[in-house]
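Reading through the structure tokens given below for one structure.
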Amino acid sequence: MTQVAIVGAGYVGLPLAQVFAESGREVLLVDVERKIVDGINRGESHIEDVPSDVLAPLVERGLVRATADYDELRDADAILIALATPLTKQREPDLSIVTRAVTGIAERLRPGQLVVLESTTYPGTTREVVLPILEELSGLKAGRDFHLAFSPERVDPGNETWSTKTVPKIVGGVTEECTRRAAELYQGAVHTVHAVTSPEAAELTKLLENIFRSVNIALVNELAQLCERMGIDVWEVVDAAATKPFGFMSFKPGPGLGGHCIPVDPFYLTWKAREYGFYTEFIELAGKVNENMPYYCRSLISQALNHGVERSLKGSKVLVLGVAYKADISDVRESPALKVMQLLENAGSTVSYHDPHVPSLDGKNSVPLEPGAYDCVAIVTAHSSIDYAQVVREAKVVVDFRNATGPAGRDDPKVWKL
């Protein structure tokens, strides 16, 4: 019998499958993308955090298998939901992917099963959205016939220090027994399980973590803009402040927020807060600052072109260096590079990109790294494999949004830094 089924074989689901399989449990991954399903069954991973040489032995031993057939969920002891929760164009929660999956699960739910939602969402989703669908379509009662809990994913792609196995797991069930069952599921697969009193507490815990980062990144992004006017290197200031052994946590400025969490999750809480007549002003202000950063970056590139090579954005050739949302990964979800490239093209620039981790993007291919062939090189994502000293030597103008050029870039007249 399959012990654990995971709906969604992406950046959250596949690492989860790995840790459960490595603890000796059979895992079934359910995904609607046939290409992903077939690849996993061949032992081929599409996720950098789970290399194929790690996945393949688990598949060969029968510990990991993938399918597109929801009917196979009937054999699972536990069903975990690890699907995307994006925003609509109006920046409101879009739970359609999750609710479709929950409907499919409910139609096959049997007594004794445990269902855990891992997708990031607003407080109340598990109890107010997931629970009614499961109960109404299955005819079963949560807490009596089946168990239901929320346990937020805490995946940080590319993080070599903290993994799905080592990051503590938060769990909160709709009843005490649901919480106990969920905690029991994760124990042995992950190092630490921390139980909270409700799914709402677990849901808000995840949002707090990402709101904390969003607000503090906005703070240093705003400070970076002030430092540019004052002629002070914001990177030097942040590094100096980080020498204080207490009361300060270092956050870095950048061209905007990227990834599946920080640009999206805080707005789940702002939306839910309005139901209570409450306005989350810190979150809204942070969102405004962070969302403006690509526009500020375009302005900085324009200034660099004007002063460095006496050219305007229109007609200039710009190389964007790095398009993934963070260094040394291939994930481009919500990457600020996408917006920066769009703004430059709208201004009339011819934009190319180089990224050793992203061979193609929206009809473009990554070009060879030839800094001297462009009017300006903009460092948007600082992959560690790139020789930035070479970039500075060969480029006409460099705009460094990630401090990739370091202290040397501070003193080089052809380098403009955020």
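The values are calculated or read from the model by the stated rules, or taken from the named source; none is laboratory data. Everything numeric here is computed off the predicted structure, so don't read it as measured data. Backbone-built Cβ (ideal geometry, glycine too); neighbour counts: all protein chains shown. Ligands, DNA and RNA are stripped out before the accessible areas are found, and what is left, the full protein with its side chains, is counted by its heavy atoms. Shrake-Rupley method; radii C 1.70, N 1.55, O 1.52, S 1.80 Å.
Residues in segment 35-56 that are open to solvent by 20 Å² or more (accessible area, probe 1.4 Å) and under 23 Å from the mean Cα position of the chain (by Cα): 10 in all. Scanning segment 1-11 for residues that are open to solvent by less than 10 Å² (accessible area, probe 1.4 Å), part of a loop (DSSP other than H, G, I, E, B) and of a type in the set (A, V, I, L, M) yields a single hit, Ala9.
Selection of segment 296-333 for residues being closer than 22 Å to Phe251 by Cα and open to solvent by less than 10 Å² (accessible area, probe 1.4 Å) yields Cys297, Leu300, Leu321, Gly322, Val323, Ala324, Ile329, Asp331. Among the conditions (1) among the polar types (S, T, N, Q); (2) over 24 Å from Lys364 (Cβ atoms); (3) touching a strand residue (DSSP E or B) at 6+ places or on another chain (Cβ under 8 Å), the only one that Thr270 does not satisfy is (3). At least 2 residues being in contact with a Gly (Cβ under 7 Å, 6 or more places away or on another chain) and over 30 Å from Tyr122 (Cβ atoms) is the threshold, and among the helices (runs of 4 or more DSSP H) wholly inside segment 12-110 those reaching it are 52-60. Looking at Val358, Val340 in this structure, which one is outside any helix (DSSP H, G or I), buried (at least 17 other Cβ atoms within 10 Å of the Cβ), under 22 Å from the mean Cα position of the chain (by Cα) and among the aliphatic types (A, V, I, L, M)? Criteria check complete, one pass: Val358.
Filtering segment 390-404 to residues that are under 31 Å from the mean Cα position of the chain (by Cα) and either modelled with pLDDT under 95 or outside any loop (DSSP other than H, G, I, E, B) (or both) leaves Gln390, Val391, Val392, Val398, Val399, Asp400. Filtering segment 229-249 to residues that are part of a helix (DSSP H, G or I) and open to solvent by 70 Å² or more (accessible area, probe 1.4 Å) leaves Arg229, Met230, Glu236, Asp239. Among the residues making up segment 155-189, those that are in contact with a strand residue (DSSP E or B) (Cβ under 8 Å, 6 or more places away or on another chain) and either hydroxyl-bearing (Ser, Thr, Tyr) or surrounded by fewer than 20 Cβ atoms within 10 Å (Cβ to Cβ) (or both) are Thr164, Lys165, Thr166, Val167, Pro168, Thr175, Glu177, Thr179, Arg180, Ala183, Tyr186, Gln187. Residue-level analysis places Phe267 among those that are touching a Lys or Arg at 6+ places or on another chain (Cβ under 7 Å) and modelled with pLDDT under 95. Scanning segment 126-154 for residues that are within 14 Å of Ala101 (Cα to Cα) and open to solvent by less than 10 Å² (accessible area, probe 1.4 Å) returns Thr126, Val130, Leu134.
When restricted to residues that are assigned to a helix (DSSP H, G or I), open to solvent by less than 30 Å² (accessible area, probe 1.4 Å) and not β-branched (Val, Ile, Thr), segment 193-228 contains 11.
When residues in segment 101-124 are screened for being within 26 Å of Ala273 (Cβ to Cβ) and either under 20 Å from the mean Cα position of the chain (by Cα) or not small (Gly, Ala, Ser) (or both), 9 of them pass.
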